[in-house]
Amino acid sequence: DVVETQDHYKSRWRSIWIMYLTMFLSSVGFSIVIMSVWPYLQKIDPTADASFLGWIIASYSIGQMVASPLFGLWSNYRPRREPLVVSTAISVAANCLYAYVHIPHSHKKYYMLTARALVGFGAGNVAVVRSYIAGATSLTERTSAMANTSACQAIGFILGPVFQTCFTLIGEEGITWKLIRLQLNMYTAPVLFGALLGVINIILIFAIFREHQVDDLGRPFKSINFEGEESAVLDRDAEGTIDHVAVVAINVLFFVILFVFAVFETIATPLTMDMYSWTRKEAVFYNGIILSAVGVESVIVFMVVKTLAKKTGERAILHGGLLIVLVGFFILLPWGKTLPNIQWQEIKNNSIPRTVSTEMLMPFWGLQEMRPPSNHTVEPVGCPVSQSWCLNTPMIYLAQYISSDILIGLGYPVCNVMSYTLYSKILGPKPQGVYMGWLTASGSGARILGPVFVSQIYTHLGPRWAFSLICAIVVVSLLLLEIVYKRLIAFSVRYGRMQE
């Protein structure tokens with residue numbers, strides 16, 4: 001048997017920590033602008049509507065879906081440093097492009113679409129990160145390492161909106177650096193900060209990251225990324241075929257998990273603006289606080305689930321996570337008799353809409369009714385009359401919205417980490433780059449369809465239809481999990497080399 005030395009162990013875990021950082025930065029790249037995309041899009045290109053917002057959000061995932069299998073394949077045959085550095089550099093360049101979308105005279109929304117697609121293409125390195133961690137950990141280390149990876153991803157989702165919330169203090173106008181035509185404001189400062197973090201990540205990959213690989217028992221062997229041939233340890237333990245039914249099932253379940261979470265992310269800003277008459281700035285600020293709190297909850301869940309999985313197993317925890325997500329969306333269904341405030345700017349009416357000065361900072365505690373000073377731009381708020389369902393669909397109370405946030409913030413991280421953990425164990429000692437690329441692409445496909453689905457259904461049919469359909473999708477996924485439950489076991493367990 002090959003015994004791991006202390007130096008090898010330390011180097012292996014230093015490299016894993018660099019992968020944690022890369023995962024963190026990838027999620028920051030997505031979440032740091034998620035709450036401000038809609039108001040920024042409205043500002044730079046008034047021709048863009050809520051449906052186009054869905055495509056803007058989805059473009060990130062389109063890029064990631066295309067890139068993930070490619071980077072995964074690359075990482076199977078070459079040093080992983082190559083796809084990691086290239087992908088991060090693409091994200092840095094794309095963030096810089098996003099900061100300059102205000103310059104073109106027309107079609108600015110398409111430049112924003114391109115920038116977000118390229119950021120997503122760079123985020124295809126998630127497949128490389130997951131495959132490296134799966135290959136660099138033993139079976140007993142795997143659940144904890146995958147939970148830590150997802151926790152770093154969740155922390156990125158937490159701090160992204162926090163950064164965005166802090167940058168709102170700069171304001172919508174901000175500062176203009178005329179020499180390089182750069183506008184530094186609440187919309188561009190976050191992406192420039194993300195670009196800086198990407199440069200730091202590239203430096204750390206060159207300085208610290210090293211290739212390591214161990215088998216399910218933790219015995220090290222030379223990686224194919226260096227030698228082109230695997231050692232006898234890998235050849236012996238890799239005998240057998242992967243259960244492709246289990247692989248496909250996890251891909252489908254992961255698609256559903258990411259789909260419902262993408263719906264949750266995308267709808268937050270439009271829903272709160274429609275239901276609670278929040279302005280653009282208020283929606284960004286308050287949702288940033290709410291999602292940051294949900295993110296903290298998710299990190300706690302990741303830490304707890306590592307211990308819980310040792311007692312109950314990953315499959316049972318995945319089942320419970322899906323049930324919690326189902327309850328979270330069921331609570332979000334509209335009920336009661338109170339209708340949301342209607343935005344009447346499209347028709348003549350004697351009622352006066354609530355308007356606020358977009359140049360004023362909103363108060364931290366509660367919302368104020370304000371009459372704008374003369375010569376200030378006013379912003380009509382409320383549920384737009386162009387959405388016909390606003391006239392007959394009861395509002396979703398704030399308590400419902402907060403309760404749903406809490407439950408989804410509990411169920412989603414459980415499902416996320418258990419999916420990755422089960423998937424990596426099912427694949428076992430086989431090279432996982434391409435397989436992880438397909439799993440990431442599956443999640444990216446969900447992030448594409450989720451925003452488009454909810455922006456279309458929500459805009460035309462309203463929240464009752466949108467959230468009812470989500471509940472039905474989760475129920476179907478629970479039935480699938482029941483069907484394949486006994487097949488979701490580790491490769492080594494399946495072939496009798498280890499006990500479950």
Check: If you check PRO46 against the conditions, is it in contact with a Phe, Trp or Tyr (Cβ under 8 Å, 6 or more places away or on another chain), modelled with pLDDT under 90 and open to solvent by 10 Å² or more (accessible area, probe 1.4 Å)?
Finding: no
Next item on the list: Looking for whichever is outside the structural domain of PHE24 (by the TED database), modelled with pLDDT of 85 or more and either under 29 Å from ARG142 (Cβ atoms) or not β-branched (Val, Ile, Thr) (or both) here; the options are GLY288, GLY320, GLY313. Which one fits?
Entry: GLY320
Next item on the list: Taking only region 175-195 into account, find how many residues are part of a loop (DSSP other than H, G, I, E, B) and crowded, with 17+ Cβ neighbours inside 10 Å.
Entry: 4
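Let's see how each residue does on (1) open to solvent by 10 Å² or more (accessible area, probe 1.4 Å); (2) more than 23 Å from ILE489 (Cα to Cα); (3) in contact (Cβ under 8 Å) with a residue 24 or more places away in the chain:
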| residue | (1), (2), (3) |
| --- | --- |
| VAL126 | no, yes, yes |
| VAL129 | no, no, yes |
| ILE133 | no, no, yes |
| THR137 | no, no, yes |
| THR140 | yes, no, yes |
| SER144 | yes, no, yes |
| ASN148 | yes, no, yes |
| GLY156 | no, yes, yes |
Item checked: Residue match in region 137-160 (condition: in a helix (DSSP H, G or I), farther than 29 Å from THR307 by Cα and not assigned by the TED database to the domain that holds GLN432) -> no
Checklist line | Within region 1-103, helices (runs of 4 or more DSSP H) holding 3 or more residues that are aliphatic (A, V, I, L, M) and closer than 20 Å to ILE203 by Cα | finding: 6-31, 81-98
Next item on the list: Report the residue count in region 1-28 for those that are buried (at least 19 other Cβ atoms within 10 Å of the Cβ), of a type in the set (S, T, N, Q) and more than 17 Å from SER91 (Cα to Cα).
Entry: 1
Next item on the list: Restrict the check to region 396-410 and report whether at least one residue is more than 24 Å from GLY288 (Cβ to Cβ) and surrounded by fewer than 21 Cβ atoms within 10 Å (Cβ to Cβ).
Entry: no
Next item on the list: Name, by its number, the condition in (1) buried (at least 20 other Cβ atoms within 10 Å of the Cβ); (2) under 27 Å from THR279 (Cα atoms) that does not hold for SER51.
Entry: (1)
Checklist line | Filter pass, SER31 being open to solvent by 10 Å² or more (accessible area, probe 1.4 Å) and within 20 Å of LEU192 (Cβ to Cβ) | finding: no
Next item on the list: Output the residue which, of all residues in region 461-475 that are over 21 Å from the mean Cα position of the chain (by Cα) and either in contact (Cβ under 8 Å) with a residue 60 or more places away in the chain or not assigned by the TED database to the domain that holds HIS319 (or both), is most open to solvent (accessible area, probe 1.4 Å).
Entry: ARG464
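The values are calculated or read from the model by the stated rules, or taken from the named source; none is laboratory data. Not measured: the values here are computed from a predicted model. Cβ: placed from backbone, ideal geometry, glycine included. Neighbour counts: every protein chain shown. When the accessible area is computed, the model is the full protein with side chains, heavy atoms only, and any ligands, DNA or RNA have been set aside. Shrake-Rupley method; radii C 1.70, N 1.55, O 1.52, S 1.80 Å.
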